[in-house]
Every structure is written in C-alpha cells, then in structure tokens.
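Participant: Handing you a structure now.
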Amino acid sequence: MRKVHRNKQVACTMVNEVLTVAMLVVMAIGVFSGFPVALVLAGTGFLGFVAAVWVGITDFQHLGLIYLRARGVLTNESVQFTSVPMLIFLGLILNASGIAETMFRLLGRLLTGVPGRYAIATLLIGLVLAPAAGVIGASVITVALVAYAPMMASGYAPRTAGGAVAASGALGVVFPPAVMLFFISNVFYLRIGLMYVALIVPVLLMVMAFAVYFAVTLRKTVEIPLDTPKTNLVSDLLFVLASVAVIASIPLSIILGFATLTEAAGVGVFGALLVALARKRLSFSSLNSVTVQTSTMTSMVFFIVLGASVFSLSFHLVGGPDVIFEWISAFDLTRWELLAILLGVIIILGFVFDWIEVLLVFVPVLMPIFSELDFADHVGSAYFAQIWIAGLIALALQTSFLTPPFGYALFFAKMAAPKGINLSDIYRGAVPLVAIEIVLIAALISFPQLITWLPEMSLGDVDAPQLIQR
C-alpha cells in the first residue's frame, strides 16, 4: 500500500511537470509568433485549465474561478488600477506641452562650461518624463527628437549620443511616479508610497554615475551653443519647475498621507493640464491625440492584466510554481547564489518580454522562491527585505532595457536616430552604462540601506507593517 501511494505521488509530480513545461512552451510560442500577448496569456491559461481537468487535477466546477479571479483583480480597491490611465495621461500631456524641448534648452544654458552638458541634460529629461515611461518608447523617442541634433553637432561620437538617449529613456521606467513601480508594489503587496521612495536614492545614484562617466569621457569635447530661438529664461525656468512640481506632488502626497494614488494622480493630471494651457501648447487636436494614446496604452495594460490573471490561476492549479521551486531547490544553492540567478533570469526575461508581462506572469511564478529568500538579518526586517528585493527587480528590469543586443531602449533610440548613427554604435555606447548599472546593483545588494533608508525614514516611529499574505 505504501509503494502504491508513492508511485501515485511520482505520477502526479510527472503530470505537474509536463503541464508546467507545456504551458510555458505554448505561451512562448504564442508570444514569439506575434499574436497579441493578452490573448496568448488568456488562451494558454484556459488550455492549461482544460488539460488540468482532463488529467484529474481539478474539475470543470472550478471554471468559475477564472471569472472570479479576473473580476477580483480589477475590482480590488486596494490595488487602485484607476490610477494607471491617469499616470499615462499625465506623462503624455507633459510631452505634448513641450517639456522635453524646453528642459533641454534650459539645462543647456544652466550647464554651460560643464563637460558633457548635453548628455547630462538628456539624462535629467528622462527623469521628468517618468510618468510617460509606462511604455518605454514614448520617453526614448521624445528625448531623441530634441537631444540627438545638438549632441552630434557638438562632435559627440555616435556611440555616446546613442547611449545617452537610450539611458535617458530607461531611467524614467524606475523613477517615481513611473507606472512600473505601481505594478511591482502590487505584486509584492507593498505600500506604493514606500515603493516610490525606495527607488529615489538608487536612481539618483545611477544618474550621478552616468553624469560622471559622460563628464570624464567628454571633457575634451567643445560643445557648441544650441541653435534655438531666443526665449525668456525665466519663463522656461518657471515652466520646468511647474512641471517638476506636478510630477513630484504625486509621490509626496502619497508619502505624507494627504491622498491615495488615484487621488494624487487625478490632481497631477489637472496640474499638467493647467501647465499645458499656460504654455498655449494644448490644442484640440493634440488633446485628442493624447486621449487616444492614453486609451490605447490603458487598454493594452488591462487586457494583459486580465490575460495574466487567467494564466496565473491555471498555472497555480497545475502546480507550476511548486514544480519550478523543486527544480531550483534541487541545486542546493545559497540564498546569495539564488538571488543572483533570479536577478539574471529577470534581466533575460526583460530582453524578450515587456516589463508588465515579466511582472504579472513570471514574477508571480517565481514568487515561492522569492518568499524563501530570508534576508531579514541582512536588511533589518522581513518587510523591508521585500522592499529591497522589489527594488532590485525593478533595477534588473531597467538594466535589461539597456543591455545589448536585445534592450528595448536601444531599438527605440535607433528608430529616432539621425543618419550616421547605427545600431552597433548604440550598442557600444550602452555597454559601459550597463557595466555601471551592474556595479550599482552589486552595491545595493551589499548595502541594502541605500534602498530601505528612505522608506524607513518615511515611516518614522511607526512599526514596520507586516506583509499582507496572499
């Protein structure tokens, strides 16, 4: 009797492994075939459910779980999905108001005499365009249109100009109030305000490291003045400060407890509209274009959310996370080796999938492994260890966007590049920047306080909250 029971367990394990591999392979084939990702995820999830019923793991009475899961995800008030379209709309409105062009012109004046000033200005624009970086191409192309010409006219090497533009677009993806941070906080059940402040220090350190690199490598370059129409310096400064204030008000109001994310995003949109109207850059046609782009991006995001919910439910029903956990546990790795491998996997996944697919599909699959990584003694508490790991994942994804030969930011930088800049040039320009990012991630692993210090300070004397259990 004992032998029969053991064989049944082995058979069940083999079935789970086969279904796990089958679902992952079918999903990969569907995505690489060019089908819409949302449909691939939902279809694979449904096929996985049918297969699980066929082999007896579950039954059709649980089919309603798919509907309940999808409905529960979208109606969960604690997640505040309603903030997503407003954050996207905010970034696109600021783009339409000409913030990139004005900020580049202003920084070009203020940084006169600083080596590599145009490259540094390009990096700083990427931070201001953070809300629009939900789709990385929006920020990369916007920066490219205003930054390439003056950098090339000043004698920048094509690799330097291409690397600066690609890095600028990738920076905004992880700087608050970027949309990606909202989804990371949701996946790890973290407070969005703490997730926002956790990435401030790492991203600023990254900007400083990039700026020093450009200043050193371009110290002998003679940069020519911008050939732009003369404008009022005070007017440009007020416009940039107003735009920065609108963006900064979102994380600040959340951190200080004045508003929820949805409320803060709504106020931010109103402020962005006022700024655009004051600049007289908001016509009916531009507003219509921004609205259509927002609707398109939002629809894409929510269809992927629904598809990922269906896939995730079916994957859990067939025991996929447990199978992957057993596979990795068989190698008997230390927690540090496991963390390094997981971050490497995230970077590789970021080569071929957009960040939302990585966060909504693959990170939940790997969540049992992340849950086993006990770094409370290294970080100081279990909750802040989760914030630390979430921050590392965000930076790993950001690194993947900049890493040759598959980084998304590199392709968008080439799309908007003038003649004379090849994709190979952009690759060469990105390599030293990726090396800087890897060194920074290693420093953040060694010194987790660089991520957790601001979240701890923002909590003050309040005890660290406990992680919400799934």
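The values are calculated or read from the model by the stated rules, or taken from the named source; none is laboratory data. All values derive from a computational prediction rather than experimental measurement. Heads up, the Cβs are rebuilt from the backbone with ideal geometry, glycines too, and the neighbour counts pull from every protein chain shown.
Participant: For residues that are among the β-branched types (V, I, T) and modelled with pLDDT under 80, scanning just region 1-36, find the one that is farthest from V358 (Cα to Cα).
Facilitator: V4
Participant: Collect the residues in region 317-371 that are of a type in the set (D, E, K, R) and on the phi < 0 side of the Ramachandran plot, keeping them in residue-number order.
Facilitator: D322, E326, R335, E337, D354, E357
Participant: Let me ask something additional. Testing H378 on (1) buried (at least 17 other Cβ atoms within 10 Å of the Cβ); (2) in a helix (DSSP H, G or I); (3) over 21 Å from the mean Cα position of the chain (by Cα), one condition comes back false. Which one is that?
Facilitator: Unmet for H378, out of (1) buried (at least 17 other Cβ atoms within 10 Å of the Cβ); (2) in a helix (DSSP H, G or I); (3) over 21 Å from the mean Cα position of the chain (by Cα): (1).
Participant: Tally time: how many residues in region 141-175 are surrounded by fewer than 24 Cβ atoms within 10 Å (Cβ to Cβ) and not in a helix (DSSP H, G or I)?
Facilitator: Matching residues across region 141-175 total 3.
Participant: Can you list the helices (runs of 4 or more DSSP H) lying wholly within region 58-134 that have 1 or more residues being modelled with pLDDT of 80 or more and of a type outside the set (D, E)? Walk me through how you get there before you give the answer.
Facilitator: Values: elements: 64-75, 83-96, 99-110, 117-128.
By residue number, 83-96, 99-110, 117-128.
For (1) closer than 28 Å to V358 by Cβ; (2) of a type in the set (A, V, I, L, M, F, W, C), each residue gets a yes or a no:
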site	(1), (2)
D236	no, no
A245	no, yes
I254	yes, yes
A259	no, yes
A276	no, yes
V290	yes, yes
S295	yes, no
T298	yes, no
F311	yes, yes
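Participant: Could I ask something else about it? Within 27 Å of the chain's Cα centre (by Cα) and either crowded, with 19+ Cβ neighbours inside 10 Å or part of a helix (DSSP H, G or I) (or both): is that true of A272 in this structure?
Facilitator: Working: within 27 Å of the chain's Cα centre (by Cα): yes; either crowded, with 19+ Cβ neighbours inside 10 Å or part of a helix (DSSP H, G or I) (or both): yes.
Taking the combined requirement at face value, the residue satisfies it.
Participant: Take the conditions over 30 Å from V197 (Cα atoms) and in contact (Cβ under 8 Å) with a residue 60 or more places away in the chain and apply them to D322. Does it pass?
Facilitator: When the stated conditions are applied, D322 passes them.
Participant: Select, from I347, I341, I324, the only residue that is assigned to a helix (DSSP H, G or I), under 21 Å from E17 (Cβ atoms) and at pLDDT 85 or above. Working first, answer last.
Facilitator: On the way: I347 fails: under 21 Å from E17 (Cβ atoms); I324 fails: at pLDDT 85 or above.
Of I347, I341, I324, the one residue that is assigned to a helix (DSSP H, G or I), under 21 Å from E17 (Cβ atoms) and at pLDDT 85 or above is I341.
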